[in-house]
Each structure stands twice: as C-alpha cells, then as structure tokens.
Amino acid sequence: MRIAYFDCFAGISGDMALAALLDAGADAATLVAGLKTIPLPAWELHLTPVRKCGFAALAVTVTVGGEPAGMHTQRIVIPPPTTTGLASPISSPRFAPASCPIR
C-alpha cells in the first residue's frame, strides 16, 4: 500500500492537489467514473501536461457548461438526503458566501 501525506501548513488548492495525485499515478478514468455517479450539472475534467521553470507537471481544469468552474460559476446545491431528512451543509445559507447565492 502506498500512502500520500500532504503537509499543507498554508493550505492547498483543489485543482493543484488533484493534478498532483493524477500526475503521481492515480487513474483519471476511475476518478471520472466515480464522480459521474454524483448527480451534478454536466461537467468535464481536462488534463494538460505543462512545463514551468523546467518542471514537468499536470494541470487540471474542471469545466461546467463549457466554462471553467470556480467561485464565479453558479453554486451547486446537493439535495438533502431522503432517509434522514437533514439538509446537506453545502446547501445551507450559513455556509454560502453572500456573493454566491443559493438557488
């Protein structure tokens, strides 16, 4: 078994972490197949090899409706679970910044 340890003392961006894991050998097809089982708006994962300052790496971009995903896109609301009746914390207004209204 291999273990990856992230020492993120100052945080880490999701796209960079995902790119690092995929570049290290995680299977992109398996990842996409698993994520496609979640009921989300249509999205695509784009993997691009890049070279910066002599280092080879992988860049990951997620697009939703053809546009790069990010805080400027429409907020995704996950429906509450039907078995417990509890609302998902992601759909709760107290977790949503005022600039990202929940619809």
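A few notes on this one:
- Meets criteria (part of a loop (DSSP other than H, G, I, E, B), more than 30 Å from Asp7 (Cβ to Cβ) and modelled with pLDDT under 85) for Arg94: no
- Enumeration of residues in region 1-42 that are closer than 21 Å to Phe55 by Cα and acidic (Asp, Glu): Asp7, Asp15, Asp23
- Within region 18-52, the set of residues being assigned to a helix (DSSP H, G or I) and in contact with a strand residue (DSSP E or B) (Cβ under 9 Å, 6 or more places away or on another chain) comprises Leu18, Ala19, Ala20, Leu22, Asp23, Ala28, Leu31, Val32, Leu35.
- Single condition Leu40 does not satisfy, out of (1) surrounded by 10 or more Cβ atoms within 10 Å (Cβ to Cβ); (2) without any contact (Cβ under 8 Å) to a residue 24 or more places away in the chain; (3) among the aliphatic types (A, V, I, L, M): (2)
The values are calculated or read from the model by the stated rules, or taken from the named source; none is laboratory data. All values derive from a computational prediction rather than experimental measurement. Because the Cβ atoms are built from the backbone with ideal geometry, glycine has one as well, and the counts that use them run over all protein chains shown.
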